[in-house]
Amino acid sequence: MARRTVAGTQAIRRSVEVLRTIAQLQRTGATAGRVSRATGLSRPTVFRILQALEAERLLDFDEGERSYWLGPLAFELGLAARPKTERRGQWQAAVEQVAARTRLTSYLIGRSGDEAVCLISVQGAAPIRAMPIEVGQRVPLGLGAGSLAILASLEDRDVTRIVGHHKSRLDVFPGGAGALDGVLNRVQRTRQAGYAVSSGTVAKGVSGVGVLIPGRPPSERLAITVSAVADTMLEPDARKLAEEISRAIASAG
(Lines give C-alpha, C1' and ligand atoms only; values in the text may rest on other atoms or scores of the structure.)
Protein backbone atom coordinates (compact mmCIF):
# COMPACT_ATOMS: atom_id res chain seq x y z
CA MET A 1 0.00 0.00 0.00
CA ALA A 2 2.85 2.40 0.86
CA ARG A 3 4.52 1.86 -2.51
CA ARG A 4 1.26 2.44 -4.33
CA THR A 5 0.72 5.68 -2.40
CA VAL A 6 4.22 6.94 -3.20
CA ALA A 7 3.85 6.03 -6.88
CA GLY A 8 0.47 7.75 -7.06
CA THR A 9 1.83 10.89 -5.41
CA GLN A 10 4.75 10.95 -7.83
CA ALA A 11 2.40 10.66 -10.81
CA ILE A 12 0.31 13.57 -9.54
CA ARG A 13 3.37 15.75 -8.95
CA ARG A 14 4.75 14.98 -12.39
CA SER A 15 1.40 15.81 -14.00
CA VAL A 16 1.20 19.13 -12.15
CA GLU A 17 4.79 19.88 -13.15
CA VAL A 18 3.89 19.29 -16.79
CA LEU A 19 0.84 21.56 -16.50
CA ARG A 20 2.95 24.32 -14.99
CA THR A 21 5.49 23.93 -17.76
CA ILE A 22 2.80 24.16 -20.44
CA ALA A 23 1.60 27.41 -18.84
CA GLN A 24 5.17 28.73 -19.07
CA LEU A 25 5.91 27.66 -22.62
CA GLN A 26 2.63 27.64 -24.54
CA ARG A 27 3.07 31.16 -25.91
CA THR A 28 6.39 30.22 -27.56
CA GLY A 29 5.65 26.57 -28.28
CA ALA A 30 5.10 23.89 -25.66
CA THR A 31 6.26 20.91 -27.68
CA ALA A 32 6.83 17.54 -26.07
CA GLY A 33 10.58 17.98 -26.52
CA ARG A 34 10.67 21.38 -24.81
CA VAL A 35 8.49 20.11 -21.96
CA SER A 36 10.85 17.17 -21.51
CA ARG A 37 13.89 19.47 -21.40
CA ALA A 38 12.25 21.88 -18.97
CA THR A 39 11.01 19.23 -16.53
CA GLY A 40 13.94 16.84 -16.80
CA LEU A 41 11.50 13.96 -17.41
CA SER A 42 12.13 11.47 -20.19
CA ARG A 43 10.24 11.98 -23.44
CA PRO A 44 8.24 8.72 -23.10
CA THR A 45 7.14 9.77 -19.58
CA VAL A 46 6.21 13.26 -20.77
CA PHE A 47 4.32 11.88 -23.75
CA ARG A 48 2.23 9.56 -21.55
CA ILE A 49 1.38 12.42 -19.20
CA LEU A 50 0.51 14.74 -22.09
CA GLN A 51 -1.82 12.14 -23.61
CA ALA A 52 -3.60 11.58 -20.30
CA LEU A 53 -4.03 15.31 -19.64
CA GLU A 54 -5.31 15.88 -23.16
CA ALA A 55 -7.84 13.06 -22.76
CA GLU A 56 -9.12 14.77 -19.61
CA ARG A 57 -9.40 18.13 -21.46
CA LEU A 58 -6.77 19.72 -19.25
CA LEU A 59 -4.65 20.22 -22.37
CA ASP A 60 -5.30 21.01 -26.03
CA PHE A 61 -2.96 19.88 -28.80
CA ASP A 62 -2.32 22.10 -31.82
CA GLU A 63 -1.64 19.77 -34.76
CA GLY A 64 -0.12 22.50 -36.92
CA GLU A 65 2.36 23.70 -34.31
CA ARG A 66 2.79 20.28 -32.67
CA SER A 67 2.38 22.17 -29.41
CA TYR A 68 0.21 21.95 -26.28
CA TRP A 69 -1.95 24.60 -24.62
CA LEU A 70 -3.90 24.58 -21.37
CA GLY A 71 -7.29 23.11 -22.21
CA PRO A 72 -10.92 23.95 -21.51
CA LEU A 73 -11.14 21.99 -18.27
CA ALA A 74 -8.22 23.99 -16.84
CA PHE A 75 -10.14 27.18 -17.65
CA GLU A 76 -13.39 25.83 -16.19
CA LEU A 77 -11.70 24.75 -12.96
CA GLY A 78 -10.08 28.17 -12.69
CA LEU A 79 -13.52 29.79 -12.80
CA ALA A 80 -14.52 27.80 -9.73
CA ALA A 81 -11.39 28.67 -7.74
CA ARG A 82 -11.67 31.06 -4.80
CA PRO A 83 -9.98 34.23 -6.08
CA LYS A 84 -7.52 36.32 -4.13
CA THR A 85 -9.07 39.55 -5.31
CA GLU A 86 -6.84 41.69 -3.10
CA ARG A 87 -3.80 40.74 -5.14
CA ARG A 88 -5.37 42.26 -8.24
CA GLY A 89 -7.89 44.84 -7.09
CA GLN A 90 -5.64 46.97 -4.92
CA TRP A 91 -3.01 47.36 -7.65
CA GLN A 92 -5.09 47.66 -10.82
CA ALA A 93 -5.07 51.47 -10.70
CA ALA A 94 -1.32 51.56 -10.04
CA VAL A 95 -0.57 49.40 -13.08
CA GLU A 96 -2.86 51.57 -15.20
CA GLN A 97 -1.09 54.68 -13.91
CA VAL A 98 2.32 53.27 -14.85
CA ALA A 99 1.10 52.35 -18.34
CA ALA A 100 -0.38 55.84 -18.86
CA ARG A 101 2.70 57.73 -17.68
CA THR A 102 5.36 55.57 -19.33
CA ARG A 103 3.33 54.65 -22.45
CA LEU A 104 4.71 51.13 -22.01
CA THR A 105 2.89 47.86 -21.42
CA SER A 106 2.75 47.36 -17.66
CA TYR A 107 2.14 44.34 -15.46
CA LEU A 108 1.43 43.14 -11.96
CA ILE A 109 3.57 40.08 -11.30
CA GLY A 110 2.97 37.81 -8.32
CA ARG A 111 4.92 35.02 -6.71
CA SER A 112 3.45 31.54 -7.11
CA GLY A 113 5.68 29.08 -5.31
CA ASP A 114 9.00 29.03 -7.17
CA GLU A 115 7.45 30.76 -10.17
CA ALA A 116 6.02 34.16 -11.06
CA VAL A 117 2.62 34.64 -12.69
CA CYS A 118 1.24 37.64 -14.55
CA LEU A 119 -1.88 38.88 -12.73
CA ILE A 120 -2.61 42.13 -14.61
CA SER A 121 -1.52 43.44 -18.00
CA VAL A 122 -2.27 46.97 -19.26
CA GLN A 123 -1.14 48.04 -22.72
CA GLY A 124 0.70 51.32 -23.14
CA ALA A 125 0.30 53.87 -25.91
CA ALA A 126 3.75 53.47 -27.47
CA PRO A 127 3.61 52.92 -31.26
CA ILE A 128 5.49 49.63 -30.89
CA ARG A 129 4.32 47.64 -27.90
CA ALA A 130 6.19 44.84 -26.21
CA MET A 131 4.05 42.06 -24.74
CA PRO A 132 6.42 39.27 -23.77
CA ILE A 133 3.99 37.88 -21.21
CA GLU A 134 0.22 37.52 -20.95
CA VAL A 135 -2.16 37.34 -18.00
CA GLY A 136 -1.90 33.87 -16.49
CA GLN A 137 1.47 33.11 -18.03
CA ARG A 138 4.13 31.75 -15.69
CA VAL A 139 7.91 32.04 -15.68
CA PRO A 140 10.59 30.70 -13.35
CA LEU A 141 11.44 33.20 -10.61
CA GLY A 142 14.38 35.24 -11.87
CA LEU A 143 13.40 35.52 -15.53
CA GLY A 144 11.77 38.83 -16.43
CA ALA A 145 12.05 42.09 -14.52
CA GLY A 146 9.13 41.67 -12.13
CA SER A 147 10.06 38.06 -11.43
CA LEU A 148 13.66 39.10 -10.81
CA ALA A 149 12.59 41.85 -8.40
CA ILE A 150 10.67 39.25 -6.39
CA LEU A 151 13.52 36.72 -6.38
CA ALA A 152 16.06 39.35 -5.30
CA SER A 153 13.91 40.21 -2.28
CA LEU A 154 14.20 36.69 -0.85
CA GLU A 155 16.88 35.35 1.47
CA ASP A 156 20.05 33.95 -0.07
CA ARG A 157 19.24 30.35 0.82
CA ASP A 158 15.88 30.62 -0.92
CA VAL A 159 17.42 32.25 -3.99
CA THR A 160 19.99 29.45 -4.26
CA ARG A 161 17.34 26.76 -3.89
CA ILE A 162 14.95 28.30 -6.39
CA VAL A 163 17.56 28.97 -9.05
CA GLY A 164 18.94 25.45 -8.62
CA HIS A 165 15.44 24.01 -8.94
CA HIS A 166 14.94 25.83 -12.24
CA LYS A 167 18.32 24.94 -13.73
CA SER A 168 16.85 22.69 -16.43
CA ARG A 169 14.07 25.20 -17.22
CA LEU A 170 16.38 28.10 -17.93
CA ASP A 171 17.58 26.52 -21.17
CA VAL A 172 14.16 26.75 -22.83
CA PHE A 173 13.95 30.55 -22.49
CA PRO A 174 15.80 32.93 -24.86
CA GLY A 175 18.02 34.45 -22.20
CA GLY A 176 18.26 31.37 -20.06
CA ALA A 177 20.70 29.04 -21.79
CA GLY A 178 23.65 28.56 -19.49
CA ALA A 179 22.39 31.51 -17.43
CA LEU A 180 22.51 30.05 -13.92
CA ASP A 181 25.33 32.39 -12.89
CA GLY A 182 23.68 35.17 -14.88
CA VAL A 183 20.53 34.98 -12.76
CA LEU A 184 22.54 35.15 -9.54
CA ASN A 185 24.49 38.14 -10.86
CA ARG A 186 21.26 39.92 -11.79
CA VAL A 187 19.94 39.27 -8.28
CA GLN A 188 22.96 41.09 -6.82
CA ARG A 189 22.61 44.01 -9.24
CA THR A 190 18.90 44.27 -8.40
CA ARG A 191 19.62 44.46 -4.69
CA GLN A 192 22.22 47.17 -5.25
CA ALA A 193 20.03 49.29 -7.53
CA GLY A 194 16.73 48.78 -5.71
CA TYR A 195 14.97 47.75 -8.92
CA ALA A 196 15.32 44.98 -11.50
CA VAL A 197 16.36 45.27 -15.15
CA SER A 198 15.93 42.38 -17.54
CA SER A 199 16.85 42.23 -21.23
CA GLY A 200 15.96 39.33 -23.49
CA THR A 201 15.41 36.76 -20.75
CA VAL A 202 11.73 36.05 -21.54
CA ALA A 203 11.53 37.28 -25.15
CA LYS A 204 14.26 38.39 -27.54
CA GLY A 205 14.46 42.11 -28.21
CA VAL A 206 12.43 43.01 -25.13
CA SER A 207 13.72 44.74 -22.00
CA GLY A 208 11.91 45.44 -18.76
CA VAL A 209 12.17 47.24 -15.44
CA GLY A 210 10.53 45.89 -12.29
CA VAL A 211 10.00 47.24 -8.78
CA LEU A 212 9.00 45.18 -5.75
CA ILE A 213 5.86 46.18 -3.85
CA PRO A 214 7.13 46.41 -0.26
CA GLY A 215 5.57 45.16 2.94
CA ARG A 216 4.27 41.78 1.80
CA PRO A 217 5.22 38.34 3.18
CA PRO A 218 7.68 36.31 1.07
CA SER A 219 5.04 33.86 -0.21
CA GLU A 220 2.85 36.71 -1.47
CA ARG A 221 5.42 39.02 -3.01
CA LEU A 222 4.27 41.29 -5.86
CA ALA A 223 6.06 43.55 -8.33
CA ILE A 224 5.03 46.05 -10.98
CA THR A 225 6.99 46.00 -14.21
CA VAL A 226 7.08 47.57 -17.66
CA SER A 227 8.36 46.14 -20.94
CA ALA A 228 9.82 47.94 -23.95
CA VAL A 229 11.04 46.91 -27.39
CA ALA A 230 14.78 47.22 -26.85
CA ASP A 231 17.75 44.88 -26.85
CA THR A 232 19.19 46.63 -23.79
CA MET A 233 17.97 49.16 -21.23
CA LEU A 234 20.28 52.12 -20.53
CA GLU A 235 20.80 52.81 -16.83
CA PRO A 236 19.38 56.39 -16.85
CA ASP A 237 16.24 55.18 -18.66
CA ALA A 238 15.85 52.23 -16.31
CA ARG A 239 16.18 54.48 -13.26
CA LYS A 240 13.52 56.90 -14.54
CA LEU A 241 11.11 54.04 -15.20
CA ALA A 242 11.80 52.56 -11.75
CA GLU A 243 11.07 55.95 -10.17
CA GLU A 244 7.77 56.18 -12.06
CA ILE A 245 6.76 52.71 -10.91
CA SER A 246 7.75 53.50 -7.33
CA ARG A 247 5.57 56.62 -7.33
CA ALA A 248 2.58 54.60 -8.52
CA ILE A 249 3.17 51.99 -5.82
CA ALA A 250 3.44 54.67 -3.14
CA SER A 251 0.21 56.35 -4.23
CA ALA A 252 -1.68 53.04 -4.20
CA GLY A 253 -0.23 51.76 -0.93
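Let's see how each residue does on (1) farther than 19 Å from residue 21 by Cα; (2) at pLDDT below 85; (3) assigned by TED's automatic domain parsing to the domain that holds residue 33:
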position	(1), (2), (3)
162	no, no, no
172	no, yes, no
182	yes, yes, no
190	yes, no, no
203	no, yes, no
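Among the numbered criteria (1) in a helix (DSSP H, G or I); (2) modelled with pLDDT of 90 or more; (3) touching a helix residue (DSSP H, G or I) at 6+ places or on another chain (Cβ under 7 Å); (4) not acidic (Asp, Glu), which one does residue 212 miss?
Failed condition: (1).
Give the stretch 13-48 a look and list any residue that's among the hydroxyl-bearing types (Ser, Thr, Tyr) and either touching a residue at least 12 places away in the same chain (Cβ under 8 Å) or touching a Phe, Trp or Tyr at 6+ places or on another chain (Cβ under 9 Å) (or both), or say none.
15, 21, 28, 31, 36, 39, 45
Quick one: residue 247 ticks every box in (1) at pLDDT 90 or above; (2) closer than 20 Å to residue 94 by Cβ; (3) surrounded by 20 or more Cβ atoms within 10 Å (Cβ to Cβ) bar one, so which box is it?
The number of the failed condition is (3).
Within the stretch 71-84, track down each residue that is buried (at least 16 other Cβ atoms within 10 Å of the Cβ) and either in a loop (DSSP other than H, G, I, E, B) or modelled with pLDDT of 90 or more (or both).
71 - this is the single residue of the stretch 71-84 that is buried (at least 16 other Cβ atoms within 10 Å of the Cβ) and either in a loop (DSSP other than H, G, I, E, B) or modelled with pLDDT of 90 or more (or both).
Condition check ((1) touching a helix residue (DSSP H, G or I) at 6+ places or on another chain (Cβ under 9 Å); (2) modelled with pLDDT of 90 or more) across all residues:
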{"site": "30", "(1), (2)": "yes, no"}
{"site": "48", "(1), (2)": "no, yes"}
{"site": "55", "(1), (2)": "no, yes"}
{"site": "61", "(1), (2)": "yes, yes"}
{"site": "86", "(1), (2)": "no, no"}
{"site": "90", "(1), (2)": "yes, no"}
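Give the number of residues within the stretch 215-251 that are in a strand (DSSP E or B) and among the polar types (S, T, N, Q).
The total comes to 2.
The values are calculated or read from the model by the stated rules, or taken from the named source; none is laboratory data. As the structure is a prediction and not an experimental result, all values here were calculated from the model. Cβ atoms come from the backbone with ideal geometry, glycine included; neighbour counts cover every protein chain shown.
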